[in-house]
Amino acid sequence: MKRALLTVRSVFLWILSGMHFFIVAPTLVFLGIFLDPRKHDWLQRSFCRRIALFSGARVEVIRSPGFDPNRTCFFMVNHVNLFDPFILYCAIPQYVRGWELESHFKIPAYGWLMKRFGNVPVPDVRRPSDLKRMWRLTQDAIDGGTSLIIFPEAKRTRDGHVDGFEEGGFRVAQQLGIPIIPISLVGSIKHHRTGHWMLWPATVTVHLHDLIETKGMTKQDVAALSKRVHDIISEPVEASLGKSSE
C-alpha cells in the first residue's frame, strides 16, 4: 500500500514539476531577450527553488569556514541526477552559470534556457577550434564576474558514489588561474536515482567547501589537484552512503 502511494506521489510530482518547468522556462527565455539575466536573477532562483520543492526535495546548505562567496571561480560538483543544476542554483550565493554539453542546447525549452542565459558549450567532439572557443567563452565568463559549475565526472552516477574525474576542467583552472570551490551533493541519490523514475521525499545537503587557489600551479600539479578535489567532494558523500547501508 505504501509503495502504491509513493508511486502515485511520484507521478503527481513529475507532472507538477514538469508543468512548472515548461510554463516558466519560456518566460525566462523571453525576458532574457530584452533584459540582462542578472537583472532577473531572483526570478531564476525562485524558479529553481520551486523545481526542487515540486520534485519533493528539501535543500539545506552547509558552508565551510574557508568558503568565499565573493570569489569568481569554478564550482566542481559530483553529478547525481537531472535536478542537480536546479538545486545548485538554490544553494550558490552568487551569479553562476555552467559548462554544458553542446548537444544539450538542442533540447527543447531546457536548451533554449541554457543558451540564452550564457552557459558555456562544451563540444561533444573535441576539435581544436571548438576547444579554443570553449576556453575563450570560459575566460569571458570569469572576466565578467560569472562563476561556472562543472561536473568533472562528465556523467551522472548510477550508485551514488563519486566516479573518477576528467582533468579538462582542472587544466583550464590551472592555465587560467581560476580558483576552485568543491561542492558535495549529499542525499541526491535518495531523492532521484538516474535510470529510474521514482521521486522520493529526501533532504539534499549542499556542502560548499573551502576555496582552493590555482595560481602558481603548473601542468604537473593538475593530477594532484584533481585527486584533492575528488577526495574533498567524496568524503561527505561516502559517509552518507555508509550510514545508509548500516
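Scanning segment 123-145 for residues that are touching a residue at least 12 places away in the same chain (Cβ under 8 Å), closer than 19 Å to F75 by Cα and of a type outside the set (F, W, Y) yields M134, L137, T138, Q139, A141, I142, G145.
Return the only residue of H196, H230, H161, H207 being assigned to a strand (DSSP E or B), open to solvent by 10 Å² or more (accessible area, probe 1.4 Å) and of a type outside the set (S, T, N, Q).
On the way: H196 fails: assigned to a strand (DSSP E or B); H230 fails: assigned to a strand (DSSP E or B); H161 fails: assigned to a strand (DSSP E or B).
Being assigned to a strand (DSSP E or B), open to solvent by 10 Å² or more (accessible area, probe 1.4 Å) and of a type outside the set (S, T, N, Q) holds for just one of H196, H230, H161, H207, which is H207.
Taking segment 143-153 as the range and being open to solvent by less than 30 Å² (accessible area, probe 1.4 Å), in contact with a strand residue (DSSP E or B) (Cβ under 7 Å, 6 or more places away or on another chain) and under 16 Å from F170 (Cα atoms) as the test, the residues that pass are S147, L148, I149, I150, P152.
For segment 122-156, which residues satisfy the criterion of being in a loop (DSSP other than H, G, I, E, B) and either aliphatic (A, V, I, L, M) or closer than 20 Å to I181 by Cβ (or both)? V125, G144, G145, T146, F151, P152, E153, A154, listed by residue number. Would you tally the residues in segment 164-184 being crowded, with 22+ Cβ neighbours inside 10 Å, touching a Cys at 6+ places or on another chain (Cβ under 8 Å) and of a type outside the set (A, V, I, L, M)? The total comes to 0.
For segment 119-136, the tally of residues that are open to solvent by 40 Å² or more (accessible area, probe 1.4 Å) and modelled with pLDDT under 90 stands at 10. Checking the structure you have, find out if any residue of segment 25-39 is in contact (Cβ under 8 Å) with a residue 24 or more places away in the chain, buried (at least 16 other Cβ atoms within 10 Å of the Cβ), of a type outside the set (A, V, I, L, M, F, W, C) and outside any helix (DSSP H, G or I). Taking every residue of segment 25-39 in turn, none turns out to be in contact (Cβ under 8 Å) with a residue 24 or more places away in the chain, buried (at least 16 other Cβ atoms within 10 Å of the Cβ), of a type outside the set (A, V, I, L, M, F, W, C) and outside any helix (DSSP H, G or I). Only one of the numbered conditions (1) over 25 Å from S64 (Cβ atoms); (2) at pLDDT 90 or above; (3) not aliphatic (A, V, I, L, M) is violated by E166, and that is (1).
If you take the residues in segment 61-102 that are part of a helix (DSSP H, G or I), open to solvent by less than 30 Å² (accessible area, probe 1.4 Å) and in contact with a helix residue (DSSP H, G or I) (Cβ under 9 Å, 6 or more places away or on another chain), which one is nearest to D36 (Cα to Cα)? Give the derivation first.
Our first condition is that a residue be part of a helix (DSSP H, G or I); within segment 61-102, this holds for 84-91, 102.
If we keep only those that are open to solvent by less than 30 Å² (accessible area, probe 1.4 Å) too, we end up with 84, 86-89, 91.
Checking the rest, the ones that are also in contact with a helix residue (DSSP H, G or I) (Cβ under 9 Å, 6 or more places away or on another chain) come to 84, 86-89.
Values: D84: 24, F86: 20, I87: 22, L88: 21, Y89: 17 Å.
Residue satisfying both the conditions and the ranking: Y89.
For segment 46-60, what are the residues that are among the aromatic types (F, W, Y) and open to solvent by 10 Å² or more (accessible area, probe 1.4 Å)? Scanning segment 46-60 gives a single hit, F54.
The values are calculated or read from the model by the stated rules, or taken from the named source; none is laboratory data. Bear in mind that the values here come from a model prediction, so they are computed numbers and not experimental data. For neighbour counting, all protein chains shown are included, and Cβ atoms are generated from backbone atoms with ideal geometry for every residue, glycine included. Just so you know, the surface numbers come from the protein's heavy atoms only, side chains and all, with ligands and any DNA or RNA stripped out. Shrake-Rupley method; radii C 1.70, N 1.55, O 1.52, S 1.80 Å.
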